[in-house]
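*Asks:* Could you have a look at this structure, given as structure tokens, before my questions?
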Amino acid sequence: MTRRRLLAAAVAATLAGCGTARERAPASAGRKRGIGTWYFADVDQALAQIDVAWYYTWSVGPGRITAPGRAEFVPMVWGAEETQPAALERAAKTGQTILGFNEPDVREQANLRVEEALDLWPRLQATGRRLGSPAVSAGADTPGGWLDRFLAGTATRRHRVDFVALHWYGADPATATAELGAYLEAVHDRYRLPIWLTEFALADFTAGVEAAWYAPRADQAAFVAAAIPMLESLPYVERYAWFALSDRDSDYRTGLYDERGRLTEAGTAYRSA
């Protein structure tokens, strides 16, 4: 089963008007820590125990998740299908901020050409909500890459993007925190926009979900313990979200809870960091 189907089943800068996104104030101050999750048994209890400030579900609505406590739901316009009026209306009603397309550079994900994404973007902009860029799978800092061409296109067309959404996965526990920090710095230096890191973990999906590599639980926990203080200290990182809340009802093995619903070492580190 592809990563897209698993998520679906389990679940230089831009311009607008008279000001650039660079000149806009960042999102209201608050805790940065969030999580991506799909619905599973006891998800509300798991969210409450992890104590995050926000969460998302790769969808325009939270579905059956009620998220007790103070966690804010952030909708995502996952792909082209979610740019229809009813979906965008729901996104606008459920959140003050909307995340853009999910990995449009990947065939099994949103799978959008840059021009297609640019043509659809005014529909998101019309919601009036704060907008995060499409989150590419990798290479957000690459000149001429998918995100680079998208943001250049939004500047030319005078579309609005308020922050850059990123994904990052590492394969070397010894260097992961430094590599993540360098990537975030490179992206910020290139676009001078705030950043939301909406997926990160120690994993390698290049061979597909079924053949994915995952770092041992202890290494995931050590990475969490080292990375979160860095993310909290970077002023241009507005929010971040681990991938993902739980391994339940999925083939993934990076969750803060394991497939049996038990808190992992990474979950303990994430909750207490």
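Values quoted throughout were computed directly from the atomic coordinates according to the rules given, and no laboratory measurement underlies them. Everything numeric in this text was worked out from a predicted model, so none of it was measured. Cβ: placed from backbone, ideal geometry, glycine included. Neighbour counts: every protein chain shown.
*Asks:* Using the alpha-carbon centroid of each, what span in Å lies between the range 147-176 and the range 49-108?
*Replies:* Computed from Cα coordinates, the inter-centre distance equals 18 Å.
*Asks:* Also: For the range 195-268 and the range 123-146, compute the distance between their C-alpha centroids and round to whole Å.
*Replies:* 22
*Asks:* Here's a follow-up. Using 0.36 nm per residue of separation minus the Cα-Cα distance, give me the extension gain between ALA211 and GLN96 in nm, one decimal. Walk me through the intermediate numbers first.
*Replies:* On the way: separation 115, 0.36 × 115 = 41.40 nm, distance 3.72 nm.
That works out to 37.7 nm of additional length.
*Asks:* Separate question: How do THR198, THR83, THR94 rank when sorted from fewest to most other Cβ atoms within 10 Å of their own Cβ?
*Replies:* Values: THR198 25, THR83 19, THR94 16.
Taking fewest neighbouring Cβ atoms as first place, the list is THR94, THR83, THR198.
*Asks:* Still on this structure, I have one more. For THR66 and ARG192, what does the FRET efficiency come to when R0 = 35 Å and r is the distance between their Cβ atoms, rounded to the nearest 0.05? If you can, show how the numbers build up before the last one.
*Replies:* Numbers: r = 38 Å, r/R0 = 1.08.
About 0.40, to the nearest 0.05.
*Asks:* For VAL224, what charge total do you get from the other residues with a beta carbon under 13 Å from its beta carbon, if Lys and Arg give +1 and Asp and Glu give -1? Please list the in-between numbers first.
*Replies:* On the way: positive: ARG33, ARG217, ARG271; negative: ASP219, GLU232, GLU265.
Every neighbour counted, the sum reads 0.
*Asks:* Where does each of 119-128, 264-273 land if you order them by average Cβ count within 10 Å, highest first?
*Replies:* On the way: 119-128: 16.5, 264-273: 18.7.
Put in order of decreasing packing, that is 264-273, 119-128.
*Asks:* If you don't mind, another one. First measure r as the distance between the Cβ atoms of GLN84 and ALA178, then evaluate 1/(1 + (r/R0)^6) with R0 = 41 Å and state the FRET efficiency to the nearest 0.05. Don't skip to the answer; put the middle values down first.
*Replies:* On the way: r = 42 Å, r/R0 = 1.03.
The pair GLN84/ALA178 has a calculated efficiency of 0.45.
*Asks:* I would also like to ask the following. By average Cβ neighbour count within 10 Å, what is the ranking of 237-245, 152-160 from highest down?
*Replies:* Values: 237-245: 24.0, 152-160: 16.3.
The most tightly packed comes first, giving 237-245, 152-160.
*Asks:* Then there's this: What spacing in nm lies between the two simple spin-label points modelled at ASP119 and ALA171, each 7 Å away from Cα in the Cβ direction?
*Replies:* Once both label points are built, they end up 3.6 nm from each other.
*Asks:* Subtract the Cα-Cα distance of ALA53 and ASP251 from 0.36 nm times their separation in residues, and report this length gain in nm to one decimal.
*Replies:* Length difference between fully extended and current span is 68.7 nm.
*Asks:* Report, please, the projected area of the range 118-191 averaged over directions, based on the convex hull of its C-alpha atoms, in nm².
*Replies:* Values: hull surface 21.1 nm².
Value for the range 118-191: 5.3 nm².
*Asks:* Around ALA135, with a cut-off of 10 angstrom between Cβ atoms, what is the net charge of the other residues, counting Lys and Arg +1 and Asp and Glu -1?
*Replies:* Working: positive: none; negative: GLU103, ASP105, GLU199.
Counting the neighbours of ALA135, the net charge comes to -3.
*Asks:* Count the net charge of all other residues whose Cβ sits under 10 Å from the Cβ of ARG253, scoring Lys and Arg as +1 and Asp and Glu as -1. Write out the running numbers ahead of the final one.
*Replies:* Details: positive: ARG217; negative: ASP247, ASP251, ASP258, GLU259.
Computed value for this residue: -3.
*Asks:* Quick one: work out the % antiparallel among DSSP beta bridges in the chain, nearest 5.
*Replies:* On the way: 5 of 30 bridges.
Taking every DSSP beta bridge with both residues in the chain, the antiparallel ones total about 15 percent.
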